[in-house]
1. Filter region 100-120 for residues that are more than 19 Å from VAL142 (Cα to Cα) and not in a helix (DSSP H, G or I) and give the result.
2. Could you list, in sequence order, all residues of region 48-72 that are in contact with a helix residue (DSSP H, G or I) (Cβ under 8 Å, 6 or more places away or on another chain), within 30 Å of ALA122 (Cβ to Cβ) and not aromatic (Phe, Trp, Tyr)?
3. If I ask for residues that are farther than 11 Å from LEU84 by Cβ, small (Gly, Ala, Ser) and in a helix (DSSP H, G or I), which ones from region 121-167 would you list?
4. Please indicate, with yes or no, whether at least one residue in region 55-64 is among the basic types (Lys, Arg) and closer than 14 Å to TYR31 by Cα.
5. What residue, of ILE60, ILE87, is touching a residue at least 24 places away in the same chain (Cβ under 8 Å) and within 24 Å of SER160 (Cβ to Cβ)?
6. Among (1) in contact (Cβ under 8 Å) with a residue 24 or more places away in the chain; (2) open to solvent by less than 50 Å² (accessible area, probe 1.4 Å); (3) not polar (S, T, N, Q), there is one condition GLU120 misses while meeting the rest; what is its number?
7. Any residue in region 130-143 that's surrounded by 16 or more Cβ atoms within 10 Å (Cβ to Cβ): show its pairings with residues that are of a type in the set (Val, Ile, Thr) at Cβ separation under 8 Å, as long as the two are six or more apart or on different chains.
8. Residue under question is TYR42, and the condition is that it be touching a Leu at 6+ places or on another chain (Cβ under 8 Å) and of a type in the set (Ser, Thr, Tyr); does it hold?
Amino acid sequence: MSNESLLTPSPLIPESRPEIIQSLIDGVDRYNPDNVSILEEYLAVQLQVGEYDLMANLAILKLYQFNPHLVNDAVVINILVKALTAIPNPDFNLCLYLLHESALVDENVARLIELQQYLEQARYQEFWKAYELDETYKDLTVEAVGFEDAIRKVILTAISMTYQNISADLLGAYLNLDHELTKVIGYSNEL
């Protein structure tokens with residue numbers, strides 16, 4: 001993990017969005033339920049390679065909204081997990097708005113909402129404590145390769161907008177890296 005990779009925000013539209021996905025998002029086929037499997041497969045690719053495509057993920061949720069019989073709970077969870085990595089953008093809430101009421105009371109969705117609230121409220125140490133102590137959180141995020149580093153990018157982005165100086169110990173606590181942080185970033189006392 002390099003200093004540059006942590007401080008560079010992830011693009012909301014990946015550079016390598018496939019042409020078929022672009023045509024689905026831009027065209028009327030976006031609402032064709034026969035295309036949900038194509039979009040779900042693209043989500044699986046996003047999870048594996050660490051990319052994030054809000055528009056494609058919202059298209060899945062919109063299809064689920066119009067076609068409740070197609071809803072795949074695991075896909076919904078994975079979309080919410082990816083949206084967590086886009087904070088402070090409102091992506092997570094946009095995704096929640098497209099979910100049916102019954103999904104909002106789902107225990108796993110509620111857990112992700114709790115993580116989102118920790119991040120939105122800059123309660124980073126509480127985020128990591130909850131994430132580390134309850135294996136359910138890791139189970140929910142296991143398919144998202146690089147999830148922890150993506151969350152560290154979210155936190156670093158917020159910290160860089162807030163702090164002029166921060167101690168390495170505090171930054172390490174926020175990032176859940178402890179003293180390993182000073183080796184990664186290359187600072188010894190104050191950042």
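The values are calculated or read from the model by the stated rules, or taken from the named source; none is laboratory data. Computed from a predicted structure; not experimentally measured. We place every Cβ from the backbone using ideal geometry, glycine too, and count neighbours over all the protein chains shown. Side chains are part of the model used for accessible areas, which takes the heavy atoms of the whole protein and leaves out ligands, DNA and RNA. Shrake-Rupley method; radii C 1.70, N 1.55, O 1.52, S 1.80 Å.
1. HIS100, VAL105
2. Pass one, region 48-72, residues in contact with a helix residue (DSSP H, G or I) (Cβ under 8 Å, 6 or more places away or on another chain): 50-64, 66-67, 70-72.
Now drop any that are not within 30 Å of ALA122 (Cβ to Cβ), which leaves 50-58, 60-61.
Hits for region 48-72 are GLY50, GLU51, ASP53, LEU54, MET55, ALA56, ASN57, LEU58, ILE60, LEU61.
3. Within region 121-167, ALA130, ALA158, SER160 meet the criteria.
4. Among the residues of region 55-64, at least one is among the basic types (Lys, Arg) and closer than 14 Å to TYR31 by Cα, which makes the answer yes.
5. Just one listed residue meets the conditions, ILE87.
6. (2)
7. Pairs found: LEU140/ILE77; LEU140/VAL81; THR141/VAL81; GLU143/VAL81.
8. no
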